[in-house]
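This report concerns only the one structure given below.
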């Protein structure tokens, strides 16, 4: 490339880049902007023999770096060598024109650029470093430095824009899922109500028939139909209660009854997967003031998670629901004999969007929402140590004025 020949269009070039940043809506838009940055360098007649964009990203306390050549057909590659020099430039938070001066930097650049690098023009931005390399120590003008400072702002804006777009996509997906669940809840409620009307006829007519003097064979059949109708109505009513929106105000509820009804709702589904559900519920537990629908959502989610975990490793299993009191708290423990929760992810499983399942199976919001519901009830959700599998515990405070009742 030739020497810089001046020009008063750098402001226009930067303005076009900023517009490109704010106009891009898809992930592919990043590469269009990067290609346009390279074109800007050429239009401004910046002299270079090599050009690189480095991104510095933090992951669990470690810096990971990637490099892009700023070409339309270029792609991001892991930066396996030379990280220390890129990190040093990034930490300097400066725009400068310099010679390779850090120990070993010149040799590394010679390997990367396939020529001896005598000068570097670089700028840092919040997420990385942009640098051009020259095989000759050509003088650098104030316009060159000014352009690079402007490119630093453009690149910061580009990646903040991408973060905003990513968060927007997540929120839109959450909204679509919430709307879907709302529609499913409405349909379930309407379906359950309609089914109940037919069941009332079946139950009513069979109960009248049972009052007649029927032959044993006929009476036995009608009795079976009557009992099946009662069971179906109970299932329908539980589905209806689960589908309804939670009441605005908390009410006094029996956690024991709520756990029993939720277990009954899930029992058939678990049995189909050869998973036994067992209850170990302490007697005479106090009522607490809570949103019944929200707490049922927590219990359903935790049982479902245990089911999914067991199905990962075996064809059959066991889920145990334990309910007790401890020092002013009602404690519900849901334990399974699945693969367990690795120690290294225990601190993350209640974070939004964290999931070990395929994205098509799970949004990573279940346990986060459960933890949020627990906090809204002044309680907490946590992982408890167990000998085998996993155990999630839900602690809810007992109101000091709550009365003991016989469950």
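Can you tell me how many residues in the stretch 236-254 are in contact with a helix residue (DSSP H, G or I) (Cβ under 8 Å, 6 or more places away or on another chain) and either at pLDDT 80 or above or assigned to a helix (DSSP H, G or I) (or both)? The total comes to 10. So which residues in the stretch 59-73 are in contact (Cβ under 8 Å) with a residue 12 or more places away in the chain and closer than 20 Å to residue 89 by Cβ? Matches in the stretch 59-73: 63, 64, 65, 66, 67, 68, 69, 70. Give me a count of the residues in the stretch 81-108 that are more than 25 Å from residue 150 (Cα to Cα) and surrounded by 15 or more Cβ atoms within 10 Å (Cβ to Cβ). So the answer is 4. Are any of the residues in the stretch 255-268 surrounded by fewer than 13 Cβ atoms within 10 Å (Cβ to Cβ) and assigned to a helix (DSSP H, G or I)? Yes, that holds for at least one residue.
Checked against (1) surrounded by fewer than 16 Cβ atoms within 10 Å (Cβ to Cβ); (2) out of contact with any strand residue (DSSP E or B) (no Cβ under 9 Å at 6 or more places or on another chain), residue 236 meets all criteria but (1).
A residue that is touching a helix residue (DSSP H, G or I) at 6+ places or on another chain (Cβ under 7 Å), without any contact (Cβ under 8 Å) to a residue 40 or more places away in the chain, under 24 Å from residue 9 (Cβ atoms) and surrounded by 21 or more Cβ atoms within 10 Å (Cβ to Cβ) can be found somewhere in the stretch 123-134.
Is there a residue in the stretch 181-194 that is touching a helix residue (DSSP H, G or I) at 6+ places or on another chain (Cβ under 8 Å) and closer than 23 Å to residue 88 by Cα? Within the stretch 181-194, none of the residues are touching a helix residue (DSSP H, G or I) at 6+ places or on another chain (Cβ under 8 Å) and closer than 23 Å to residue 88 by Cα. Just a yes or no: is a residue in the stretch 50-58 free of Cβ contacts under 8 Å to residues at least 12 places away in the same chain and out of contact with any strand residue (DSSP E or B) (no Cβ under 8 Å at 6 or more places or on another chain)? Checked against the condition, which is being free of Cβ contacts under 8 Å to residues at least 12 places away in the same chain and out of contact with any strand residue (DSSP E or B) (no Cβ under 8 Å at 6 or more places or on another chain), the stretch 50-58 yields no hits at all. Taking the conditions exactly as written (under 34 Å from the mean Cα position of the chain (by Cα) and modelled with pLDDT of 90 or more), does residue 33 satisfy them or not? It is false that residue 33 is under 34 Å from the mean Cα position of the chain (by Cα) and modelled with pLDDT of 90 or more.
For the stretch 269-285, the set of residues classified as in contact with a helix residue (DSSP H, G or I) (Cβ under 9 Å, 6 or more places away or on another chain) and part of a helix (DSSP H, G or I) consists of 269, 270, listed by residue number. Applying the set (1) without any contact (Cβ under 8 Å) to a residue 40 or more places away in the chain; (2) closer than 24 Å to residue 192 by Cα; (3) more than 29 Å from the chain's Cα centre (by Cα) to residue 265 leaves exactly one unmet item: (3).
Rundown of residues vs (1) assigned by TED's automatic domain parsing to the domain that holds residue 94; (2) at pLDDT 80 or above; (3) closer than 30 Å to residue 122 by Cα, yes/no style:
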site	(1), (2), (3)
153	yes, yes, yes
169	no, yes, no
203	no, yes, no
218	no, yes, no
227	no, yes, no
234	no, no, no
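If you go through the stretch 1-23 and keep only what is more than 19 Å from residue 68 (Cα to Cα) and at pLDDT 70 or above, you end up with 9, 10, 11, 12, 13, 14, 15, 16, 18, 19, 22, 23.
The values are calculated or read from the model by the stated rules, or taken from the named source; none is laboratory data. All values derive from a computational prediction rather than experimental measurement. Methodologically, a virtual Cβ is constructed for each residue, glycine included, from the backbone with ideal geometry; neighbour enumeration extends over all protein chains shown.
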